[in-house]
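Read-outs throughout are calculated quantities, based only on the coordinates presented, and are distinct from any laboratory measurement. Remember, it's a predicted structure, so these values are computed and weren't measured experimentally. Cβ coordinates were reconstructed from backbone atoms using ideal geometry, including for glycine residues, and neighbour counts include every protein chain displayed.
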Amino acid sequence: MNTQLAIWAGKTAGTVSRMIGNGGSTISGVVARKLDGKFLRHLRSNAKEIIYITGTNGKTTTVNLLAHLLETSGKTVLTNREGSNMVTGISATIVRNAPFIGFMMNDVAVIEVDEASLPKAILECQPDYLIVTNFFRDQLDRYGELDLLIEKMKDSLKSVDVKLILNADDPFVNRFSDLQTKNIYVGLDENAGRFQSYTMGESKYCPICQKEFTYTTVHFGHLGHYQCTCGFTRPQTTLSAEKIYQGEKGIRLTMDGKDYPTTLKGMYNAYNALLAICACQEMGMNTKEIREGLMSYHKTDGRMQEFFIGEDTWKLNLVKNPAGGNVTLSEYLQTDENKQLIFCLNDNLADGEDISWIWDIDMELANREEVETFIASGKRAHDAALRMKYAGFPEEKIIILPDMKEAVLYAKRKGYPTYIMATYTCLTSMVTILSQEAGKRNKRDGFIGTFTIPFLSGHPKSLWRQGKYHMPKKTIRMEGNLPSNRRNQKP
Ligand SMILES: [Zn+2]
């Protein structure tokens, strides 16, 4: 009964949160867990097989690709595709998936798990498989010592019967190898492909005896073919890519002499593809099914994602810093067709609570005749509108609609190609809303095309913190003496 109450309360909280424009991505999980402290254990009632995916990089891509591959083979999949990867986020996924009474059984759950959350997730629900992508030392500030984190993860797995799918080329991941005897390893053969060279940092030292590794091949960072005099050596792989090269649509892998074309861009995605393919083989998928799935995979994570709504093409991109905003705007303004812009701005923790960085986006770029409307949306819609007003954009063309669904419906009614910038916590809701709207017209082909442009990596507010913040000259002239708390003003 408590469980059913937890689901209903979670669903209600999620609905209310979405209604007031908060997205509601994890709130339903928080509420459900208040009523049912180990809510994650119900994952077992949701899927016959459970796969967890953890590691520093590539989790989301591996999860999305694997879920897609399994779905194309006809399996039903429960997944936290949008990357809410802590226990509350995963609980929210369960709540969302639950029908009015009880749970919905799927064939497989493909769940991204944050590294620091893994022990808790394992404690509440043991998976059948754990995929570990890699470990890089770039999260020291979040988690403390990487070695400590790995030990904690290993401790949580000690008395658990789980099949590990590990990246053989990463010595850090290889530290999991003494946990089980039936581990599966994937990796890239020597000379499999040409990667950009990286500085290695301290990771080239053996985690067992701290001596320096001897590498016969380095693929990427500290990933490669390593060995140590103490005997800690790259394990034999079960599945390995003999060759990787850039194909027309994405990278292609050669395994057992067979060609596997993918739609993934970037050589580093070879590892994510290998891990996903390996899990599919474990689930009984054949080569033909896997290859078809790899070719039909399209990114749906809001990075320059395209939607076809009505007669128009809409584009959505994540924006989290001024540099990213400028790249996005100039990409959006390449054509001189009539268009409208939507800026969805939230100030939750994940977005950065200080939104002053929007004053460093050159919104002046968008002050052009062909921009029919600028729609400000999200919790800080008024701030986005104010920024646009200060860019000199005609006030009568600025619309403030904090509710993102309303913003989309308004733009849809006007019927122009629409370009959307969204901060992190707006993104998932926006993808959902746009997918629904696109689905209404395009049910027959159901295709949501996507493409990616090279994108500046995110360092939210870094320019601001470095004191490189500046007001556009025009704005200073307009206002003269701007109060420092301008971001709380309304236009
Ligand atoms: Zn050693």
*Using amide H atoms built 1.01 Å from N in the peptide plane, name the residues 5+ places from Met255, or on other chains, whose amide H lies under 5 Å from its own.*
Glu242, Tyr260
_Using each residue's phi in segment 288-294, evaluate 6.51 cos²θ - 1.76 cosθ + 1.60 at θ = phi - 60° and report the 3J(HN,Hα) Karplus result to the nearest Hz, with x for Gly and Pro._
4, 4, 5, 5, 4, x, 4
*What is the gain in length, in nm to one decimal, between Ser296 and Ser156 on full extension, counting 0.36 nm per residue of separation less the C-alpha to C-alpha distance?*
46.8 nm
*Separation between the Thr214 and Lys440 pseudo-spin-labels, each 7 Å from Cα along Cα→Cβ, expressed in nm?*
6.7
*Give the residues of segment 151-191 whose amide nitrogen is closer than 17 Å to a point set 7 Å from the Cα of Arg41 in the direction of its Cβ.*
160-161
*With a 10 Å Cβ neighbour count serving as the proxy for reagent exposure, in which order, fewest first, do Val110, Val87, Val30 appear?*
Val30, Val87, Val110
*asked:* Tell me the relative contact order for segment 152-242 as a rounded percent, counting alpha carbon contacts under 8 Å between residues six or more apart.
replied: 32
*Alpha-carbon centroid distance for the pair segment 351-426 / segment 207-285, whole angstrom*: 43
_Least to most buried among His298, His219 (fewest other Cβ within 10 Å first)_ = His298, His219
*Computed FRET value (nearest 0.05) for Cys230 with Leu333, which takes r as the C-beta separation and R₀ as 51 Å*: 0.30
*What list of ³J(HN,Hα) couplings, whole Hz, do you get for segment 242-253 from phi and the Karplus terms 6.51, -1.76, 1.60, once you set θ to phi - 60° and write x for glycine and proline?*
6, 9, 10, 8, 6, x, 5, 9, x, 6, 10, 10
_Projected label distance in nm at Lys48 and Thr313, using a 7 Å step from Cα toward the beta-carbon_ = 4.1
*asked:* For the pair Ser177/Asp354, report the inter-label distance in nm, with labels modelled 7 Å from Cα in the Cβ direction.
replied: 4.6
*asked:* I'd like the FRET efficiency for Gln4 and Asp403, computed as 1/(1 + (r/R0)^6) with the beta carbon distance as r and R0 of 22 Å, rounded to 0.05.
replied: 0.15
